[in-house]
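The values are calculated or read from the model by the stated rules, or taken from the named source; none is laboratory data. The structure displayed is predicted, hence computed values, not measured ones. Cβ: placed from backbone, ideal geometry, glycine included. Neighbour counts: every protein chain shown.
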Amino acid sequence: MSLADPALLAIGLLAAAALAWSAIAVARRRAAALASAGVATANRRHGPGRGRDRARLGGVWFTIAGVAVLAIAVAGPAASVPVSHASGTVILAMDVSGSMAATDVPPSRLAAAKKAALSFIDAQPGRVDIGVVAFHQGGFEAALPTADHATASAAVRRLTAGGGTSLGDAILASLSAITRRTVTAGRDGGAPDIGYWPSATIVLFSDGQDEAGSTSGGTGAATGAGAAAAVAEKAGVHIDTVGVGTTGGTTVDVDGYHLFTALDAATLTSISRATGGTYHPASDASELDGIASSIDLRLTVTNEPLPLAGAFIALALVLLAAGAVLTVTRAGRVV
């Protein structure tokens, strides 16, 4: 337990100690006066006067105890208790490639994903900073993480489909948004050290079609989704993937071509498992509507002060009231 103002506690306890000393001194003087006056001691020891003295003294000590407890209350006591809450940073990585225009999830994969993303944003507490990364060939940042969830919602609403998909770029762009600096995969295929971000989560909405590949650092060297996921895993960032589409697939018109596209659940599952995240299948609009409640952000535990002054004040009032009642009923006066 901590105290906001220990000096007030010291003053209050000194006052209670002074009252206790005074009560003892008065009791001794009273006993001495009765003895010198020749009052029948035996009668006081065993008669009704003895009971009245005990009740009166009990009232005094209840009052002194109430003053002592009140001194603790005014000192501002507080207990440190662990509190779990969702906090940190969430990046919504939205696939806006041409295949997301497919209508096997009505009205389209992208429209359904946007609706689910908006529901997810609305469900998050203010402690969570949310950013949005829209990705096609060469992932790009749409909105940096912020506690202003309206900004993230507006970024999601602006998204339109077009281009190819690069899951690797999506992950690297999301990590860049989390760290606020450009993140690239290692040239030798290793995962670079970008720090440790255990309270950050990437939620990737995609059909899993990795058509374009990714390049790192402008060298033209291909970087796959697995290598990018390894960077996230080393940084302690979980990736939850949301599969948008059906395994049966459909055709979609892209630049005048009729292309077949289907949900690649295996790729999305591999990405999530590599980072300690979870794959969430959403083959229709109803399943996508439930995504907001199915994705669990990691909880962080912090110690927060729990004020105890109210409890001590209540106890002090009970003691003071008991002391007053005993004193009045037995002595006919408060003090």
*Say we look at the range 237-251 and pick out the residues that are within 18 Å of residue 102 (Cβ to Cβ) and of a type in the set (A, V, I, L, M); which of these is surrounded by the most Cβ atoms within 10 Å (Cβ to Cβ)?*
244
*Taking into account only those residues within the range 302-324 that are surrounded by fewer than 13 Cβ atoms within 10 Å (Cβ to Cβ) and within 12 Å of residue 80 (Cβ to Cβ), which is modelled with the highest pLDDT?*
307
_Exactly one condition in (1) farther than 22 Å from residue 130 by Cα; (2) modelled with pLDDT of 85 or more; (3) not basic (Lys, Arg) is false for residue 202; which is it?_
(1)
*Restricting attention to the range 125-143, which residues are farther than 18 Å from residue 226 by Cα and surrounded by fewer than 18 Cβ atoms within 10 Å (Cβ to Cβ)?*
125, 126, 127, 140, 141
*Conditions: (1) at pLDDT below 80; (2) in contact with an Asp or Glu (Cβ under 8 Å, 6 or more places away or on another chain). Residue 60 meets all but one. Number of the miss?*
(2)
*Take residue 156 and decide whether it is assigned to a strand (DSSP E or B) and β-branched (Val, Ile, Thr).*
no
*asked:* If I ask for residues that are surrounded by fewer than 24 Cβ atoms within 10 Å (Cβ to Cβ) and small (Gly, Ala, Ser), which ones from the range 153-176 would you list?
replied: 153, 154, 155, 161, 162, 163, 164, 176
*Among the residues of the range 306-322, write down those that are more than 13 Å from residue 63 (Cβ to Cβ) and either touching a His at 6+ places or on another chain (Cβ under 8 Å) or in a helix (DSSP H, G or I) (or both).*
309, 310, 311, 312, 313, 314, 315
*Do any residues in the range 274-289 that are within 28 Å of residue 224 (Cβ to Cβ) and assigned by TED's automatic domain parsing to the domain that holds residue 230 have Cβ atoms under 6 Å from those of residues that are part of a loop (DSSP other than H, G, I, E, B) and at pLDDT 90 or above, where the two are at least six apart or on different chains, and which pairs are they?*
283/246
*If residue 286 satisfies every condition in (1) modelled with pLDDT of 75 or more; (2) part of a helix (DSSP H, G or I) but one, which is the exception?*
(1)
*Out of curiosity, is residue 182 modelled with pLDDT under 90, surrounded by 24 or more Cβ atoms within 10 Å (Cβ to Cβ) and part of a loop (DSSP other than H, G, I, E, B)?*
no
*Restricting attention to the range 133-159, which residues are modelled with pLDDT of 90 or more and over 17 Å from residue 90 (Cα atoms)?*
157, 158, 159
*From the list 143, 152, 170, which residue is of a type in the set (Gly, Ala, Ser) and free of Cβ contacts under 8 Å to residues at least 40 places away in the same chain?*
143
